[in-house]
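Here is the structure we will look at, set down as structure tokens.
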Amino acid sequence: MSTASELKGRKSLFDGAIVRRAGVDALRKLSPQLMMKNPVMFVVEVGSVLTSVLLIADTMRGVGHFRFDLQITLWLWFTVLFANFAEAMAEGRGKAQADALRLAKSETTAYRLNKAGVVEEVPSSDLRVDDKVKVVAGQMIPGDGEIIDGVASVDESAITGESAPVIREAGGDRSAVTGGTRVLSDAITIRITSNPGETFLDRMIALVEGAERQKTPNEIALNILLAGLTIIFLLAVVTLQPFAMYSGAPQTIFVLISLLVCLIPTTIGGLLSAIGIAGMDRLVQHNVLATSGRAVEAAGDVNTLLLDKTGTITIGNRQAAEFLAAPGVSGEQLADAAQLSSLSDETPEGRSIVVLAKQLYSLRGRELAKLNAEFIPFSAQTRMSGIEVEGRSIRKGAVDAIGRYLEEHGVKMPNEVRDAVETVARSGGTPLVVAENGRALGVIHLKDVVKGGMRERFEQLRAMGIRTVMITGDNPLTAAAIAREAGVDDFLAEAKPKDKMDLIKREQAEGKLVAMTGDGTNDAPALAQADVGVAMNSGTQAAKEAGNMVDLDSNPTKLIEIVAIGKQLLMTRGALTTFSISNDIAKYFAIIPAMFAGVFPVLNALNVMHLHNAESAVLSAIIFNALIIVALIPLALRGVKYRPMSAAALLQRNLLVYGLGGVIVPFVGIKLIDMLIVAVGLA
Amino acid sequence: MKKHIVTAVLYTVVTGVLLGIVYPLAITGVAQLLFPKQADGELLTKNGEVIGSRLIGQTFTGASYFHGRPSNAGTGYDAGSSSGSNLGPTSKALIDRVQASVTTEQANGAVPVDLVTASGSGLDPDISPAAALYQVPRIAEQRKMSSQMVEALVRGHITQRQFGLLGEPRVNVLELNLALDEMARKE
Amino acid sequence: MSLNGWLQISLFIALILLLAKPMGSYLTSVFDVDSKTRRRTWLDPVLGPIERLLYRLTGVDREHEMRWTEYAFAMFAFSAVTLVLTYGVERLQGFLPWNTQHLPGVASDTALNTAISFTTNTNWQSYVPETTMSYLTQMLGLATHNFWSAAVGLALAVAFVRGIARRESKTLGNFWVDLTRGTLWILVPISVVFALALVSQGVVQNLRPYDHAKLVEPQTLTTTGADGKSVSTTVTTQTIAQGPVASQEAIKMLGTNGGGFFNANSAHPFENPTPLTNFLQMLSIFLIPAGLTVMLGKMVGSPKHGWAVLAAMTILWFVATFACYWAESQANPLMHNVDQRASLTMAGGNMEGKEVRFGIANSALFAAVTTDASCGAVNSMHDSFTPLGGMVPMVNILLGEIVFGGVGAGLYGMLVFVVVAVFIAGLMVGRTPEYLGKKIEAYDVQMAMLYLLIFPLLILGFAAVAVMMPTNGVSVLANKGPHGLSEVLYAYASATGNNGSAFAGSNWNTHWYNYSLGFAMFFGRFMMIVPMLAIAGNLAGKKIVPESAGTFPVTTPLFTVLLVSVIVIVGALTFFPVISLGPILEHLLLHAGHMF
């Protein structure tokens, strides 16, 4: 069975199976009902039908230039087919993923608990919302749901491609499970939360296949622009015939339709839906599932990113960064005491102290069992933890807790230690004081560690005009220090869910688009309010339903990639639109002299490309027009190259590449095609 | 909506009177007061009779007069019916007309272009200094004057560019011919 | 081309760019009702009472704010009423005063065409004014429209700018207030000063009957009579048409109307007697449009954007002027024994249809300026331009007359192009296209495309029909061959674009052309105003996304280049085929020695 993880590996663009299937689909898509959705290509198809009918009629009557007319007709059909092929390619790549997903979805047996609490076997397709099912180790989870009882490790690789099992448990923020994943240990009871055909997997399949693809707002607007341009060119070409007749140089339908097809924006028209599907596909490749294409576009528009500090900007937990020994105490002494007190502390902070002691002073972890030690666990009353070992009584805790502990021993906290505590706190860290036998040894500096590369990413975001806001429950002092270190633009300290919601509303009132991630149920309202709300797959069902995207990897940093994908999608559309329109200039210089130089040889002055003859000129323009669609399929599927930079810089670069390039490329291309078809004797 | 129609009618009446009657009449009043000569067209009179306007050209065909430009205003310099030829550059009618004028005007060398092309108004009072100087030998011969004298007269009638910058140098044909007659009368 | 010519052209544009800022500031203080610190103008003490009286007389509530639909309706109602008035005055002029030449009522098709023409700021004239229109008709029927249609254009442009500037607003202002302020504060005062300046230079201003001058040299005319025999007649007098010209001339130029008091328009010595009047007339065409770009910048809170738009206009103006001046300086290769070279004593070049006092430089500049804007006044006959020289005004019109453009109409036309340019290129920065913080969405694109569509639909559609009709369409053309095609194309472009200039040789005063051109003028104005106002109304309701590094830049040279490119490419792509059969073919044939 092929798994999603295999699929995630980048497939070569022109995978044989996909290409074959796309070829067949391209023909199927010739159906006028399907073509009507794309006004530009529909016009080409109508043109193709017209020339075909005319070609047959002319041939039967023995008039016309069969060889030329036939070639024109064929290339018109190719133009339509190439556009269909592009769309089919994009869909095909999605379908390949969908197929793999579908395997995971294969019918399973569900063990449903009826009202009496008795287990009954039913096919998974019979499950409805609010049904309760029991799943034990080794079984496939039959549908999307929420664990209402039990805890289990679950293999979600079919969905995420991640092979390490994850823990899912009732209550809390990790209660959601996905149909098609497998329980590896223990047993759980699940409340089904979606009906067949509406499950997560179903939505994912539908989305990647493009079956339910609805046009996004931007795509609609662009389609209107393209339709408008098509009508303008239709006008220009239809009225050209009367003007040509007035001038004594009437044209054949073949040439007029060729001109029309060359002028209307077939390049972008043919690739538009492929770009959209491919954008969605890229998102899926990043293991993000969007509920709609609209959300992907909105991601490109985002002005403000709300990022949770913990897990997104900093690695999940604080880590010991340094030991600040009190006067008369060596660093090694402090580290030794700190290590001993932390040996049984299984929290990440505790472990990080052990690690730091080892790194700095090569203090090896000691076998606890041999020490005959007594651990003093952390309690809410004392707010300290520690160890009693070999006559040593070591305590560590917050400064006020240790202060009280010292006072009980009749000792005052040394000023130097107090100062160290202060320094650590101001730098955004958390100070832990270590005391031994009533004497303060010094301070452990626990530090929030900002993930590597975050500062650079925020700089990139800033260059793109996106403001980042860090959300944290820390006090403002700590928050400010971390914000500074991470390089975010702003922070929201001591944040409660309502504060987050207010911030989003405030930003939106200013006309900004806000993106955020969240996983908990209390994030749900904010996720719903945000323009782009990315829920973690590990989060609660409520969060997943409130957001408009789900990150299957549950990686909050993904938001930055999502923004990039959204931008890339919009840029690809804009770039190809510009390219398509710019192309027309060269086509005019190919076709106009070809049309009229027969009657007015002086018009050959416009034949700047020195195309061989009228027929070769028209043919090479129409061939170029068809081939450029194929040539740009990779670009449409991969998206234009995206580097974070300011809008002004992006505009300049893209205008040069796609605007100016779009003017020049067809001059070269048409000339080359002309030389080629003349050489092989086609014109 | 109905209110807007009522307003539209009232607005048209009120501003119509203001802009269509009061404004032009006021300007006429002030203009007649401040610039009476210019406001009436800079008319030239001789013995109390209007003989033309300084601003409007007249037809001269006699060999002893400086010729102005061909005119398409009415039957020629009809200031009741201003018009250009509106013939395009590839028009055979235009080229034939120009070549006919060339035949009439040709003396020494190629004829200055403005002398054989019609103006836009058909009332152009001017010709270029080149076109005036081109005709000097003919005038001198016809009027039995020295060509130096005629040329001096022409040069005296060249209007330079306004403020030394705007427009083109030119010679007012009607004024030049009147001066020519005047000079002949004095002799 | 000569150094002196370029000096005059440079002086012209330098003055326009210098005047843009004060004019823009003045326009802003007249129109910016949203500014909290609305500045007063020094004319307020005089005009304030008149304004209030006008509102009282006409029932205008100046505080009432209008949605775009109501704004459009008021505009349309006003235009319709004024159209009817002019039609009535024309038809009834025989019974009305100030008819010194005892002219009869104007024929119905001509009257309708003219009424539409002046209502739409086109001033297409299919008639010869000297022999058709009485002084009253000129003053009350035509010159009034020069104020009204210009004030309407101004109001519409201001409404559009408000649409961009306002946030989450349903309304665009009050049409009657905008109309009134534009008329009283802008058009009337400048016209008064301008008219008197014109008179001082020799533009006539009187109500006297036409003069009859005794010719210095009586002329004998030989004509061929109906019986084929030659008839000789002696002409001893010259009719000199008069009239209240200066008052109309001032607003004709300032309001970018362009309808001449006389047939020869600004080539007529009584309309445009000196190089100075010519210079002032050209300045007055661009004065308000240039100021409007500055007003745009001020009102939307981005002065640099205003300058960027002005820069785009200036570039397009320069290209047009250069091309026209170059082309008109060329000799006509079909003329022989004609000295066509420029020298110290003559302008040379293509002088057919041009006045000696203006020469080539001022004629070419005037042609470029009058068609950059939707003015349509001419000081030389475009029909007689060289093929490429004549192509310049034609292309200017076909681009939509947005280079400075008509009063108001130029700015809103340009802004529709801005919307399209921002949409096409805006996607390339990876955001939903934004114009000054307003997202450009499907509805805006739809309306913008509608606006752009109407233009070629009317021009190409009518021109195609006209050239297919041998009798009604083709036989009346003054020129044959490609030049004839140019004449038809120019006529419908001029009508649809509300320019009013013409390749004027043909007899446009026929039923077909009067009605079809009237139709083109009417729909070219009002059908384009509706989608334009719809965009404005829609934009007004949007939020404004705050500016950031990710914002599409509309203040940079790059934006200017982009805007110019979009305008040129959209225009070129639409009209290149027909232009290649018109002026381009004519140019190539001319130099191959062909005549028609």
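In table form, for the structure just shown:
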quantity: Helices (runs of 4 or more DSSP H) enclosed by region B:1-93 - at least 1 residues per element that are within 17 Å of residue B:175 (Cα to Cα) and touching a Pro at 6+ places or on another chain (Cβ under 7 Å); calculated: none
quantity: Residues (over 16 Å from the mean Cα position of the chain (by Cα) and crowded, with 17+ Cβ neighbours inside 10 Å) located in region C:108-127; calculated: C:109, C:110, C:111, C:112, C:113, C:115, C:126, C:127
quantity: Residue list for region C:323-349, filter: among the polar types (S, T, N, Q), in a loop (DSSP other than H, G, I, E, B) and at the interface with chain B (Cβ under 7 Å from one of its Cβ atoms); calculated: C:332, C:337, C:340, C:345
quantity: Exclusive hit being hydroxyl-bearing (Ser, Thr, Tyr) and surrounded by fewer than 21 Cβ atoms within 10 Å (Cβ to Cβ), set A:292, A:273; calculated: A:292
quantity: One residue from A:22, A:17 being modelled with pLDDT under 90, surrounded by fewer than 12 Cβ atoms within 10 Å (Cβ to Cβ), assigned to a helix (DSSP H, G or I) and touching a helix residue (DSSP H, G or I) at 6+ places or on another chain (Cβ under 9 Å); calculated: A:17
quantity: Residues satisfying the stated conditions in region C:71-92, i.e. within 13 Å of chain B (Cβ to nearest Cβ) and either over 26 Å from the mean Cα position of the chain (by Cα) or in contact (Cβ under 8 Å) with a residue 60 or more places away in the chain (or both); calculated: C:71, C:72, C:74, C:75, C:76, C:78, C:79, C:82
quantity: Qualifying residue in region A:240-253 (condition: aliphatic (A, V, I, L, M), closer than 30 Å to residue A:570 by Cα, facing chain C (nearest Cβ under 10 Å) and in a helix (DSSP H, G or I)); calculated: no
quantity: Out of C:292, C:296, C:287, C:276, sole residue that is within 14 Å of another protein chain (Cβ to nearest Cβ) and assigned to a helix (DSSP H, G or I); calculated: C:276
quantity: Meets criteria (more than 7 Å from chain C (Cβ to nearest Cβ) and over 19 Å from the mean Cα position of the chain (by Cα)) for residue B:69; calculated: no
quantity: Scan of region A:438-469 for residues that are without any contact (Cβ under 8 Å) to a residue 60 or more places away in the chain and assigned to a helix (DSSP H, G or I), ordered by number; calculated: A:455, A:456, A:458, A:459, A:462
quantity: Condition check for residue C:406: touching a Cys at 6+ places or on another chain (Cβ under 9 Å) and either small (Gly, Ala, Ser) or outside any helix (DSSP H, G or I) (or both); calculated: yes
quantity: Extreme residue, nearest to residue A:420 (Cα to Cα), among residues of region A:446-474 that are more than 11 Å from every other protein chain (Cβ to nearest Cβ) and of a type in the set (Lys, Arg); calculated: A:447
quantity: Of all residues in region A:80-100 being surrounded by fewer than 23 Cβ atoms within 10 Å (Cβ to Cβ) and of a type outside the set (A, V, I, L, M, F, W, C), the one that is modelled with the lowest pLDDT; calculated: A:97
quantity: Residues being surrounded by fewer than 18 Cβ atoms within 10 Å (Cβ to Cβ), closer than 30 Å to residue C:9 by Cβ and of a type in the set (Gly, Ala, Ser) - total across region B:140-167; calculated: 1
quantity: Selection from region B:116-154 of residues that are in contact with a His (Cβ under 7 Å, 6 or more places away or on another chain) and more than 7 Å from every other protein chain (Cβ to nearest Cβ); calculated: B:135
quantity: Residue C:98 being out of contact with any strand residue (DSSP E or B) (no Cβ under 9 Å at 6 or more places or on another chain) and outside any helix (DSSP H, G or I); calculated: no
quantity: Filtered residues of region C:255-277 (kept if in contact with a Cys (Cβ under 6 Å, 6 or more places away or on another chain) and not hydroxyl-bearing (Ser, Thr, Tyr)); calculated: C:258
quantity: Number of positions in region C:484-513 that are within 14 Å of another protein chain (Cβ to nearest Cβ) and of a type in the set (Phe, Trp, Tyr); calculated: 4
quantity: Residue count, region A:619-655 (criterion: at negative phi and more than 10 Å from chain C (Cβ to nearest Cβ)); calculated: 22
quantity: Some residue of region C:104-114 being part of a loop (DSSP other than H, G, I, E, B) and touching a residue at least 12 places away in the same chain (Cβ under 8 Å); calculated: yes
quantity: In region B:77-103, residue nearest to the other protein chains (Cβ to nearest Cβ) [restricted to those that are out of contact with any strand residue (DSSP E or B) (no Cβ under 9 Å at 6 or more places or on another chain) and more than 24 Å from residue C:390 (Cα to Cα)]; calculated: B:103
quantity: Subset of region C:532-568 [part of a helix (DSSP H, G or I), within 12 Å of chain A (Cβ to nearest Cβ) and farther than 18 Å from residue A:652 by Cα]; calculated: C:568
quantity: Test: residue in region C:42-52 that is under 19 Å from residue C:75 (Cα atoms) and either in contact (Cβ under 8 Å) with a residue 24 or more places away in the chain or touching a Phe, Trp or Tyr at 6+ places or on another chain (Cβ under 8 Å) (or both); calculated: yes
quantity: Condition met for residue B:170 (among the basic types (Lys, Arg), surrounded by 24 or more Cβ atoms within 10 Å (Cβ to Cβ) and at pLDDT 95 or above); calculated: yes
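For every residue, the table says whether it meets (1) surrounded by fewer than 16 Cβ atoms within 10 Å (Cβ to Cβ); (2) out of contact with any helix residue (DSSP H, G or I) (no Cβ under 9 Å at 6 or more places or on another chain); (3) aliphatic (A, V, I, L, M).
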| site | (1), (2), (3) |
| --- | --- |
| B:47 | yes, yes, no |
| B:53 | no, no, no |
| B:66 | no, no, no |
| B:70 | no, no, no |
| B:80 | no, no, no |
| B:95 | no, yes, yes |
| B:103 | yes, yes, no |
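Results for (1) under 22 Å from residue A:631 (Cα atoms); (2) within 12 Å of chain C (Cβ to nearest Cβ); (3) touching a helix residue (DSSP H, G or I) at 6+ places or on another chain (Cβ under 6 Å); (4) at pLDDT below 95, shown as yes or no for each residue.
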site: A:578; (1), (2), (3), (4): yes, yes, yes, yes
site: A:583; (1), (2), (3), (4): yes, yes, yes, yes
site: A:588; (1), (2), (3), (4): yes, yes, yes, yes
site: A:592; (1), (2), (3), (4): no, yes, yes, yes
site: A:599; (1), (2), (3), (4): no, yes, no, yes
site: A:603; (1), (2), (3), (4): no, yes, yes, yes
site: A:606; (1), (2), (3), (4): no, yes, yes, yes
site: A:612; (1), (2), (3), (4): no, no, yes, yes
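Matching residues to (1) facing chain C (nearest Cβ under 7 Å); (2) aromatic (Phe, Trp, Tyr); (3) over 26 Å from residue C:185 (Cβ atoms):
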| site | (1), (2), (3) |
| --- | --- |
| B:2 | no, no, yes |
| B:31 | yes, no, no |
| B:55 | yes, no, yes |
| B:61 | yes, no, yes |
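The values are calculated or read from the model by the stated rules, or taken from the named source; none is laboratory data. Here the structure is a predicted model, which means the values were calculated and not measured. When we count neighbours, we look across all protein chains shown, and the Cβ atoms used for this are built from the backbone with ideal geometry, even at glycine.
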